[in-house]
Amino acid sequence: MYLYIYILLILITSQAFLVIVSKNSVTSVLYLIGAYILTSFLFLILGAEFLSIILVIIYVGAVSILFVFVIMMLNVRMVEVYNTIMNYIPIGLFIGCFFFGEILYMVYMDFGFSTLYMGGDYASN
């Protein structure tokens, strides 16, 4: 059973990565629908049938289809988007590094890495 969960987690992560790197916005939404369906299968395996069905009905049935219609109606010029995206990379990297550092700080403060096992007895810590 754990093997199925790990396979689904790898597939969900790959679908989410494809949502980000896809050049066409319609295929990006299709990858997003695939990620939602795979997440629904994961919930089904874990025993959360209601959550699985709700995910399919709400996200795949309503939100993702709405995304597809809005993208098709907007007719976004992708050349203009690709030319201006390089202006936002430095600030995006700064914000990403800041949030990553904040997560590391929270993990350090909550789990106390300074009191981890360092070769002595567990009871002495």
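With r as the distance between the Cβ atoms of TYR6 and ILE65 and R0 = 22 Å, compute the FRET efficiency 1/(1 + (r/R0)^6) and round to 0.05. Plugging the Cβ-Cβ distance into 1/(1 + (r/R0)^6) gives 0.15. On full extension, the segment bounded by LEU93 and LEU18 gains 25.0 nm, given 0.36 nm per residue less the C-alpha separation. For the stretch 1-75, the equivalent ellipsoid derived from the alpha-carbon gyration tensor has semi-axes of 25, 16, 5 Å in decreasing order. Note on LEU42, LEU93: ascending count of other Cβ atoms within 10 Å places them as LEU93, LEU42, the fewest first.
Since every read-out is calculated from the coordinates, none of them should be taken as a lab result. As the structure is a computational prediction, the values presented were derived from the model and not from experiment. Because the Cβ atoms are built from the backbone with ideal geometry, glycine has one as well, and the counts that use them run over all protein chains shown.
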